[in-house]
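Visitor: Handing you a structure now.
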């Protein structure tokens, strides 16, 4: 019996929030996600992973299929508080792409910090002809920062700025042969060096910005971009390619989020159908590769203890739903330290299941 898309999304949301979610240092009214199970050796602080956790919680709240959407929104507000505290009582950090992702997610919740918008504006300069710097070193302008910032500006009243950023992306980082966007332009010893790697996630927020801005040219570009993704970023059978674990574990989930917007946009039926098919085929492959495990929550003071979260007895066992690709579909391999599962890969699966639920 086939599991309905909304049920898959609900199970993924329950798995991630139960297994990875925890309070910050036991502080009431806070939430963060651990970066790996059963522990996080070298995991450190992943600001932008938490931003996508926030986006996933907003997705779950919007689904409204019997889930307690009030609970998802409360957890999302606690997560915002946890991010601010863990980030040193501030919203900003050294990476403009990180800040753009948090600004987008927080705005969907209805509370984007003004400091994030100001920081993004400060990174949009005339250097290299426009675009956004990647970080405060200001020696690299790239798609990962420029595209989500363009989408943020398009959604929040700065449409001219957003269009300028889109035009810069097409002028400097669009690859005419593939129809996809390259990674970025570095300044090295006064020379411009183009980083030509193509990542799935870089296409997603460009697509989102085009759809948000609208108009004949932007919508035509959006349709072409969906076609380029289908031609260049899918496997035989139609599933989207993925990028392993670590930061790459989020990349294709991000693309799926914006393909879901294309599936419901004012685009030709064939384009909407292509976007929908890529999402559902990838979701089916992930579902086929899922496993379920029972976690032992360590009663000692270890990262595993923090996974228990409020209300879990020390030493108790908690069943979790973990998503891996199906070997039959050969979506990807997820290399991690022995026995660990990373938050990024699980958020990606959750994003894809939410996208499939929306387009279904």
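What follows is calculated from the coordinates using simple rules that are stated; it is not laboratory data. Since the structure is predicted, the reported quantities are computational estimates derived from the model, not experimental observations. We place every Cβ from the backbone using ideal geometry, glycine too, and count neighbours over all the protein chains shown.
Visitor: Given R₀ = 35 Å, FRET efficiency for residue 3-residue 231 by Cβ-Cβ distance, to 0.05? Numbers along the way, then the final one.
Guide: Details: r = 30 Å, r/R0 = 0.86.
With R0 = 35 Å, the Cβ-Cβ based efficiency is 0.70.
Visitor: Tell me, 350, 45, 91 in order of fewest to most beta-carbon neighbours within 10 Å?
Guide: Details: 350 30, 45 13, 91 20.
Going from least to most buried by this count: 45, 91, 350.
Visitor: Sticking with this one: Tell me the label-point distance for the pair residue 121, residue 160, using the 7 Å Cα-to-Cβ offset, in nm and rounded to one decimal.
Guide: Simple spin-label model gives 1.3 nm for this pair.
Visitor: Give the calculated FRET efficiency between residue 178 and residue 220 to the nearest 0.05, with a Förster radius of 25 Å applied to their Cβ-Cβ distance.
Guide: Numbers: r = 17 Å, r/R0 = 0.70.
The formula returns an efficiency of 0.90 here.
Visitor: So how do 198, 352, 279 line up by other beta-carbon neighbours within 10 Å, fewest first?
Guide: Values: 198 16, 352 34, 279 29.
In order of increasing Cβ crowding within 10 Å: 198, 279, 352.
Visitor: In addition: Can you compute the modelled spin-label distance between residue 340 and residue 197, with each label point 7 Å from Cα toward Cβ, in nm?
Guide: 1.9
Visitor: Take 47, 199 and order them by how many other Cβ atoms sit within 10 Å, fewest up front.
Guide: On the way: 47 19, 199 22.
Ranking 47, 199 by Cβ neighbours within 10 Å, fewest first, gives 47, 199.
Visitor: Would you mind putting 141-148, 80-87 in packing order, based on average other-beta-carbon counts within 10 Å, highest first?
Guide: Details: 141-148: 29.0, 80-87: 18.5.
The most tightly packed comes first, giving 141-148, 80-87.
Visitor: Still on this structure, I have one more. If we sort 153-160, 187-194 on the protection proxy, mean other Cβ atoms within 10 Å, highest first, what's the order? If you can, show how the numbers build up before the last one.
Guide: Details: 153-160: 17.8, 187-194: 9.9.
Packing proxy ranking, top to bottom: 153-160, 187-194.
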